[in-house]
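The values are calculated or read from the model by the stated rules, or taken from the named source; none is laboratory data. Quick caveat: nothing in here was measured; it's all calculated off a predicted structure. Cβ placement follows ideal geometry from the backbone for every residue including glycine, while neighbour counts extend to all protein chains displayed.
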Amino acid sequence: MQTFRYPAGTLHSTGDSRAENANLFDIVIDTPRLTLSPPIPTDAPALLSIFSDPQVMKYWNTAPWHALDDAMRFIDRSTDERRDGLALTLCIRDKQSGQLAGKCMLFSFVGHSRRAEIGFGLSRAYWGKGLINEAAGALIAYAFDVLKLRRIEAEIDPENQASAAALQKLGFTQEGLLRKRWEINGIVSDSALFGLLAEEKNCANDGQGTTNQTG
Ligand SMILES: CC(C)(COP(=O)(O)OP(=O)(O)OC[C@H]1O[C@@H](n2cnc3c(N)ncnc32)[C@H](O)[C@@H]1OP(=O)(O)O)[C@@H](O)C(=O)NCCC(=O)NCCS
């Protein structure tokens, strides 16, 4: 497991193959207030408490979790996908309290087009403190600087104003509206599609600094 420090990252990549992704997914990301690291089995109760909250899951594309098994399955799947270079899911940990604040992930990688999708969710106790700007900002820096992605996408419920505002603050642009794309628990909803390009990254996160590559 290597550490990528944000601001001022220090890892670098030489390509974007799936095998290399798997290697580059063994990562801990360190930011001023947070540590982003892979979920482990002891995270299950904290993850369940966050993602069983209907408010947190209001705009998610799955129903709220119900049991510890849901959290365990999530941890197992994240571990497998990380090992196989298919998705990079990290827990967001508050350095000061040691508590688990949420998760963020890169998934739906399309290697030859150098793109992936980003998603994130925080415990209600951590909303409104700019944590996603810090966590997702660092993950995005890692995706562009180290994984060498060209484009990151996010698909959200158009009514999810907090998420739209967080994405815009990260530098994303809304590129489209996909009508009646989801049906969750009998409710049909549209999707807003956001995109961020590598060359736009440095316009985002004013005051957060930038990442450096060395080597
Ligand atoms: C979306 C979410 C991750 C945002 O994280 P956050 O750390 O609370 O966001 P921030 O504190 O950085 O706020 C981002 C911006 O959104 C704005 N915002 C927050 N809540 C808002 C709301 N309900 N309506 C409108 N804007 C809102 C903030 O004011 C801030 O903008 P500003 O800095 O210009 O004031 C968090 O609310 C969350 O986990 N929600 C539930 C899960 C979810 O919906 N995830 C996205 C699904 S893809």
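List of remarks:
- The set of residues in the stretch 131-161 being more than 16 Å from SER191 (Cβ to Cβ), at pLDDT 95 or above and assigned to a loop (DSSP other than H, G, I, E, B) consists of LEU149, ARG150.
- Residue within the stretch 52-72 that is more than 9 Å from the ligand (Cβ to nearest atom), polar (S, T, N, Q) and crowded, with 19+ Cβ neighbours inside 10 Å present: no
- Where SER49 falls short, out of the listed (1) surrounded by 13 or more Cβ atoms within 10 Å (Cβ to Cβ); (2) within 16 Å of the ligand (Cβ to nearest atom); (3) without any contact (Cβ under 8 Å) to a residue 60 or more places away in the chain: (3)
- Which listed residue, of LEU122, LEU147, LEU131, is touching a strand residue (DSSP E or B) at 6+ places or on another chain (Cβ under 7 Å), in contact (Cβ under 8 Å) with a residue 24 or more places away in the chain and closer than 24 Å to ALA8 by Cβ: LEU131
- Options ALA136, ALA154, ALA198, ALA165; residue that is surrounded by fewer than 22 Cβ atoms within 10 Å (Cβ to Cβ) and either of a type in the set (Ser, Thr, Tyr) or closer than 24 Å to MET57 by Cβ (or both): ALA165
- Hits in the stretch 167-198 (condition: touching a residue at least 40 places away in the same chain (Cβ under 8 Å) and either among the charged types (D, E, K, R) or at positive phi (or both)): ASN185
- Candidates LYS180, LYS148: the one that is in contact with an Asp or Glu (Cβ under 9 Å, 6 or more places away or on another chain) and either under 17 Å from PRO7 (Cβ atoms) or surrounded by 14 or more Cβ atoms within 10 Å (Cβ to Cβ) (or both) is LYS148.
- Here TYR126 clears all of (1) within 15 Å of the ligand (Cβ to nearest atom); (2) under 15 Å from the mean Cα position of the chain (by Cα); (3) among the aromatic types (Phe, Trp, Tyr) except the condition numbered (2).
- Considering only residues in the stretch 13-35 that are assigned to a loop (DSSP other than H, G, I, E, B) and small (Gly, Ala, Ser), the one that is modelled with the highest pLDDT turns out to be SER13.
- Residues of the stretch 62-102 satisfying the condition of being free of Cβ contacts under 8 Å to residues at least 40 places away in the same chain, basic (Lys, Arg) and closer than 16 Å to GLY119 by Cα: ARG77
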